[in-house]
1. In this structure, does Asn113 turn out to be polar (S, T, N, Q), in contact with a Phe, Trp or Tyr (Cβ under 8 Å, 6 or more places away or on another chain) and surrounded by 10 or more Cβ atoms within 10 Å (Cβ to Cβ)?
2. Evaluate the following for Ala45: is it in a helix (DSSP H, G or I), among the aliphatic types (A, V, I, L, M) and open to solvent by less than 40 Å² (accessible area, probe 1.4 Å)?
3. Which residues, taken from segment 53-70, are open to solvent by less than 40 Å² (accessible area, probe 1.4 Å), over 16 Å from Lys38 (Cα atoms) and of a type in the set (A, V, I, L, M, F, W, C)?
4. Can you find a residue that is open to solvent by less than 60 Å² (accessible area, probe 1.4 Å) and of a type in the set (Asp, Glu) anywhere in segment 23-37?
5. Quickly run through segment 1-60 and pick out the residues that are more than 22 Å from Leu78 (Cβ to Cβ) and either touching a His at 6+ places or on another chain (Cβ under 7 Å) or charged (D, E, K, R) (or both).
Amino acid sequence: MKESILADKSFGFALKVVKVCQEMNANREFVLSKQLLKSGTSIGAMIREAKYGQSTADFISKLTIALKEANETEYWLLLLRDSSLLTAETAQNLLLLNKELIRMLISTINTSNKNHPPKS
């Protein structure tokens, strides 16, 4: 079964985050790399979990959590870039991919809310 573009992109992003964190760990940077690893891989995990949401509200809730994780990931990437623990190029590449995920998540959440408004 073909995954969604959002699921595919978030999985690819998570793989890149894992590799970057492995490199940081090799350089003995464990604390911040762990924060990035947790938030950067949680995005895709929540998107995947949303796929089997119990309801539209559950689906939207899980995607909203993924959006929050993407926002947190942006924070860690900026901190790592500005503290020179990541090269500007590596950080920029990840930030661009993360921004794309954020845009896709916002669009999916907005579309789901529009097509399935909450019941009063």
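The values are calculated or read from the model by the stated rules, or taken from the named source; none is laboratory data. Bear in mind the structure is a predicted one, so any value in this text is a computation, not a measurement. Cβ coordinates were reconstructed from backbone atoms using ideal geometry, including for glycine residues, and neighbour counts include every protein chain displayed. To get the accessible areas, we keep the full protein, side chains included, count just its heavy atoms, and leave off ligands, DNA and RNA. Shrake-Rupley method; radii C 1.70, N 1.55, O 1.52, S 1.80 Å.
1. No: the conditions fail for Asn113.
2. no
3. Within segment 53-70, Ile60, Leu63 qualify.
4. Yes.
5. Within segment 1-60, Lys2, Glu3, Asp8, Arg48, Glu49, Lys51, Thr56, Asp58 qualify.
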